[in-house]
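The structure appears right after this line, and notes come after that.
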Amino acid sequence: MSSIDWMPDLAAALDELVPPEDRSRADWLDVVGRVRPRRRLELGQRRGLRLAIVVAVLLLLLAGVATATYLLVRGPVGRVLPLVPHAFPVLDARGHIREIPRACPRAQFCGDVSGAALSPDGKTLAVSTIEFGARSTFPGLHFTDLKSGVDWRIPNVRWREVAPLRTIEYVFRDDERRLGCAAPIYLSWSPTGSSLAYTCRGQQIKNRGIWTIRPDGTGLHLTPTHAVRAFAPSWSPDGKRFAFASGEIGGHSSVYVIDRDGRHERRLGAGAFPDWSPDGKTILYTATGCGDAGLSSWRIRLVTPDGRGVTPTRTRCAGVGPRGSEIASWSPDGSRIAVETTNRFYVMNANGAGLERLRQKSYTSGIGLLFGGLIRPLWQPQPKGIRR
């Protein structure tokens, strides 16, 4: 949909074909409408281009037919996974797991999860979802009061399980106007819980950066990242800066810090998915081994906000945590780190010692790197006055 940037030549070729039936027409109109053909394409010129067109049409058809079970190939890993978790695991101070439900009737399709974050006080769950062809108005940016179960959507749209195509198109345009994009990814709460930060895939250059918004839908603000595109923002504990990445693991990504007003952008090193420690002294991130971009080489490294590496290891390219680490997050007191791999949860001490495998996950940590983003492990806030 609007988060995908199709090549002009491919869109031109698609425009000359007969669009599929109703269920994928929303995807079709978005592809053809956003990228206008500038020249006619001879489909028989290149075998590779013909194959790309056939694959694209098949994807559109699949997007229109799938309504209950959605499957997606996760980019660099190549996994095929179900994308609709109904509960999220949350770690307590001891590393024990409990699950908090998502505000979505199990019998209905409420969109594929593209981001999730738990507020600092543990009272509100923010979830962003997106869909492809199911025609529900539920997907978008949701906030759920975990005590009352009340769920509200930004923008406020009354959920219809099946809505007319014209309504869906209006909802997506309204999302872009009020949120900056139709499907926020990489959600991150401010230290006070007053705002939510996120990024958008496929943004125009003039609008790319880190977005922030209040839970009531007011205060939308863009922190521009001048040198690079932003992914996976993480607030500094004082709320004055962000750590973010220029890409996602598996590519040429680097970790940066920047002031909330867009000044003093600084590169810290090669990596992705940063998370700022509660004491503000250390930023963890995921990085690959030297000369090896394979999944098995992904590890967790540590750096100070001024760029000094502090990973407790003797070798320059090594890291801490399990091999194949995808994304990690600090515990609320900064004493432990939770790590997710393809299908496991781990916790370890802040220095990398005491690695403990918890259990196999029952759902993916995100909807993949094509349409959504990975989700940082969620921690239950530590009650005030309690110190470990």
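Annotations
- Inter-label distance for residue 221 and residue 259, nm, one decimal - labels placed 7 Å from Cα along Cα-to-Cβ: 1.3
- Amide H contacts under 5 Å for residue 375, placed H, 5+ residues apart: 366
- Residues whose amide H falls under 5 Å from that of residue 310, counting only those 5 or more places apart or on a different chain, are 302, 303, 304, with hydrogens built in the peptide plane.
- The stretch 207-251: trypsin sites (Lys or Arg not before Pro) in DSSP coil with no more than 15 other Cβ atoms inside 10 Å: 240
- Net +/- balance of residues flanking residue 240 in space, Cβ distance below 13 Å, scoring K and R +1, D and E -1: 0
- Net lengthening on full extension, residue 170/residue 304 (0.36 nm per residue, minus Cα-Cα): 43.8 nm
- Classified by the C-alpha gyration tensor, the stretch 248-291 has an oblate form. Its axis ratio a/c, with a ≥ b ≥ c, is 1.5 or above, and a/b does not exceed b/c.
- Amide H partners (placed H, <5 Å) of residue 271, local residues excluded: 253, 254, 255
- Of the trypsin sites (Lys or Arg not before Pro) found in the stretch 110-168, those in coil by DSSP whose Cβ has at most 16 other Cβ atoms within 10 Å are 123, 147, 158, 160.
- Coarse-grained scattering of the stretch 149-308 at q = 0.10, 0.14, 0.21 Å⁻¹, given as base-10 log I(q)/I(0) from a Debye sum over alpha-carbon atoms: -0.41, -0.74, -1.30
- Total lysine pairs whose alpha carbons fall under 28 Å of each other in the stretch 79-379 (8 or more apart, or interchain): 7
- Over the stretch 127-211, the reciprocal of the mean inverse Cα-Cα separation, the Kirkwood hydrodynamic radius, stands at 13.8 Å.
- For the stretch 79-379: rounded, prolate or oblate by the Cα gyration tensor [a/c cutoff 1.5]: prolate
Every read-out reported here was derived from the displayed coordinates using simple, explicitly stated rules and does not represent laboratory data. All figures in this text were calculated on a predicted structure; none of them were measured in a lab. Counting neighbours? That spans all protein chains shown, and the Cβs are built from the backbone with ideal geometry, glycine included.
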